[in-house]
Amino acid sequence: MHKPFCGLLACALLALNAGCSVTGVRPFTDPRGVGASGAKQTMEAGDPACTIPTLVSTGGSFPARAQTLAVRWTGYANFELVYNGQILLLDTYFDRGSMYPPLGFKAADVKRADVILIGHGHLDHMSDAASVGARTKAVVVGAPVTTEKLLTQAIDPTQVRTVTGRGGEVLQFKGFKVEPILGRHGEPPADIVGAFERALKSVATEPTAEQAAELAAIRQRGTEPVMAPICEAATSSATVAPVWALSAGAAPTVSGKPAI
């Protein structure tokens, strides 16, 4: 199940500043809503963009107010951010195979997007980037290893932008800017990884031949989750990749409603 939420886009970093419960009641007091500007900080519980789980990219409604930021989480590190008429996707791992519960939509249902930011090249971040990018004509941004893998697939190379996150890279889009900041992927000790894998195998069902074939096809659309450099100049054995800093010209209205 994908969950919608609307919050605040800060001028330096993305921050979900406030929301409302399923019943539409604010869970805490936002001090910016006190005083003359309070009317602009009220909840918009009646806005379908903040109350239904349908992604805007798959045909859902844009927020009624341009200054409302609508955020929907679709599992893993996948999010849809909608603000000021723009659709921004963080990662594109939607078609995960029949071993996973259905999301309620498929990658083929994503028809609208302006920008796609890929955290790193592992398959559970980028496996549907090429198909969604080609269909929506969105700009797709990623680190060198990510875009190298992406360009082996069916997408127009002019849509793809490569960044390193090492400073001085500010991407200007309509109504907002994105600055990639180099980050390091988790690198848990081998004994912890081994214990986790053994525990998982003890309760997980072995995939069928059909499911194994599905997973193999998905793996071909991303890099394997192994500890290897993802930025050209990286010297560590750990995976490193951009973390996205987003900024907008003005602070939008704080509004929203999560759907459980």
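A straight chain from Asp109 to Ala217 at 0.36 nm per residue would run longer than the Cα-Cα distance by 37.0 nm. Karplus-derived 3J(HN,Hα) values for segment 77-90, using 6.51 cos²θ - 1.76 cosθ + 1.60 with θ = phi - 60°, are 9, 8, 9, 10, 10, 10, 7, 6, x, 10, 10, 10, 9, 9 Hz; glycine and proline are entered as x. Judged by the mean number of other Cβ atoms found within 10 Å, the most tightly packed of the peptides 58-67, 186-195, 140-149 leads the ranking 140-149, 58-67, 186-195.
No lab work stands behind these numbers, since they all come straight from the coordinates. Given the structure is predicted, the values throughout are model-derived calculations rather than measurements. Cβ sites come from the backbone with ideal geometry, for glycine too, and all protein chains shown count toward neighbours.
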